[in-house]
Amino acid sequence: MSNQKKLRVGIIGCGFIMKLTHTGTLERMDDVDVVAVADPIEENRSAVAARLGAPAAYADHRALFESEKNLDAVIIAVPPALHAGIEEEAIERKIHFLVEKPMTLDLDLGRRITDGAAKAGLVAAASFQDRYMDITDRMKEEVSRTDVGLIHATWAQDVAIKGWWMKKDTSGGQLFEQTIHLVDMVRYLFGDFESVFAMKTSGIVNKADYGDYDLDDSSTALFRLKSGATATFFSACYLTSGGVTIDNGIVALGRQRSFAYSLRRSLRVVTRSADLCYRRMNDSTFDSNTAFFNAVRKGDPSAVRCTYGDGLKSLEACFAANQSMDTGKPVML
């Protein structure tokens, strides 16, 4: 048992991603006390409160903030179109926060949150947990040893048919919602983007079969990095369960070495004299959340690998790609 004081933590958003990832990590932390949860769906908030032993469950974030006066931090895991007022109130109340990606569909709101959290000296983190994989550390080391010219990333999956996910104006589309993990990984490893040209396709999925579904079937985004390298991102959202797919992840071709990152599983590094494979061994969500809580204890916003503001840069890249898809023109970042 840890001797340090337990952090008092609230949870806002008790849906799929909270149950899938964060709840399991919080159960394993003996130095964090989840004192309250909030979600408009009674079944969701009751399930998460019971699992984590939270004594209070509220129908919305306003009631949680008003009733829980001594919160150290909150984890925010709500759909990207529903963030208005949440982070802003956390800032006003001087409460540190960790936000699930994508953090917002309103870029101006994201910039206000970034500025507000910085002015308040808060630890504001974006949950890009893949930065915390042990094989990510290995990739950074390998990237530092060579010049990379071509990068290719793929995230291909089946049709998204879960509520808000099905509408582009509430999810942002697959590039925005899922491939953003790879966009962020490329930024983290190779540096910022300079411009993007993107195209989208439709017609494979019969959208009438899915009610209000209006997502693109696929998209291709070509980014130029400030380093001069180019990176393509393939997003597909039309495969059927059990259908043919390919290995999702990133391939980067360097002068002295190249590597292939298999999404959240392994890393293959190839040089003239060696062909090595590294398996992911750690729980990156646990390590990401642990880093956030340690940063809260230290009061040090720089102690996380992805601040809200840095995560917003990955979000801006996806906004720009969506803009290019809609206009048919390149977009500068």
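Just so it is clear, none of the values below were taken in a lab; they were calculated from the coordinates. Just so it is clear, the model here is predicted, and its values are computed rather than measured. Every residue, glycine as well, gets a Cβ built from its backbone with ideal geometry; the counts of neighbours run over all protein chains shown.
For the stretch 36-76, run through the trypsin sites (Lys or Arg not before Pro) and keep only the ones in DSSP coil with at most 11 other Cβ atoms within 10 Å of their Cβ. Walk me through the numbers before you get to the answer.
Details: sites: R45, R51, R62, K69; in loops: K69.
Those satisfying the criteria are K69.
Please sort by residue number the GluC sites (Glu not before Pro) in the stretch 88-194 whose DSSP state is loop and whose Cβ has at most 10 other Cβ atoms within 10 Å.
Details: sites: E88, E89, E92, E100, E141, E142, E177, E194; in loops: none.
Sparse-neighbourhood loop GluC sites (Glu not before Pro): none present.
Which of the trypsin sites (Lys or Arg not before Pro) found in the stretch 204-256 are loop residues per DSSP with 12 or fewer other Cβ atoms within 10 Å of their Cβ? Could the numbers behind the result be given before it?
Working: sites: K207, R224, K226, R255; in loops: K226, R255.
When the trypsin sites (Lys or Arg not before Pro) of the stretch 204-256 are filtered for loop state and at most 12 Cβ neighbours within 10 Å, K226, R255 remain.
Compute log10 of I(q)/I(0) for the stretch 148-227 with the Debye formula, placing one identical point scatterer on every Cα and leaving out solvent, at q = 0.15, 0.22, 0.25 Å⁻¹, to two decimals.
Here log10 of I(q) over I(0) equals -0.59, -1.04, -1.24.
Note down the Stokes-Einstein diffusion coefficient of the chain in µm²/s, whole number, using a Kirkwood radius over alpha carbon pairs, 25 °C, and 0.890 mPa s. If you can, show how the numbers build up before the last one.
On the way: Rh = 20.8 Å.
The Stokes-Einstein estimate is 118 µm²/s.
Strictly over 27 Å apart at the Cα level, which of K119/K168; K101/K168; K94/K167 would you flag in this model?
Working: K119/K168 32 Å; K101/K168 15 Å; K94/K167 34 Å.
Going by Cα-Cα distance, K119/K168; K94/K167 fall outside the 27 Å limit.
Along the charge dipole of the stretch 64-135, pointing to its positive end and built from +1/-1 on Cβ of Lys, Arg, Asp and Glu, which listed residue (A126, V78, F65) has its Cα farthest out?
The residue sitting farthest along the positive end of the dipole is A126.
Most exposed first by the Cβ proxy, i.e. fewest other Cβ within 10 Å, how do R28, R131 rank? Intermediate results must be reported in sequence, preceding the final value.
Details: R28 11, R131 25.
Placing the least packed residue first, the sequence is R28, R131.
For the chain, build the charge dipole from Cβ charges (+1 Lys, Arg; -1 Asp, Glu) around the Cα centre, then report which of I180, V34, G203 sits farthest towards its positive end.
I180
Put a dot 7 Å past each Cα toward the Cβ at A84 and E42; how far apart are the dots in nm?
2.7 nm
Could you let me know the centre-to-centre spacing of the stretch 300-323 and the stretch 26-95, using Cα atoms, in angstrom?
23 Å
Highest GNM mean-square fluctuation, the chain, Cα pairs closer than 10 Å: which of L105, L239, L225?
Comparing L105, L239, L225 in the GNM, the peak value goes to L239.
Between A56 and K94, how many nm apart are label points set 7 Å from Cα along the C-beta direction?
Those two pseudo-labels are separated by 1.9 nm.
For the stretch 66-74, in order, what is each residue's ³J(HN,Hα) by Karplus, 6.51 cos²θ - 1.76 cosθ + 1.60 with θ = phi - 60°, in whole Hz (x at glycine and Pro)?
6, 8, 9, 7, 10, 6, 8, 7, 10
Taking the chain as the reference, fit the longest principal axis to its C-alpha atoms, fit the long axis of helix 107-120 to the helix C-alpha atoms, and give the angle between the two in degrees, 0 to 90, nearest 10.
50 degrees
Based on the Cα coordinates of the stretch 50-112, what is the per residue volume of their convex hull in Å³? List each step's numbers first, then the result.
Working: hull volume 6.2 nm³, N = 63.
That works out to 98 Å³ per residue.
Determine the dipole magnitude for the chain: charges of +1 sit on the beta-carbon of Lys and Arg, -1 on that of Asp and Glu, nothing else is charged, the reference point is the Cα centre, and the result goes in debye to the nearest 20. Walk me through the numbers on the way to the answer.
Numbers: 40 positive and 44 negative charges, 208 e Å.
So the dipole magnitude of the chain works out to roughly 1000 debye.
Is the stretch 175-333 rounded, prolate or oblate when judged by the Cα gyration tensor, a ≥ b ≥ c being the square roots of its eigenvalues, rounded requiring a/c under 1.5 and prolate requiring a/b larger than b/c? If you can, show how the numbers build up before the last one.
Values: a/c = 1.43, a/b = 1.28, b/c = 1.12.
Here the stretch 175-333 falls in the rounded category.
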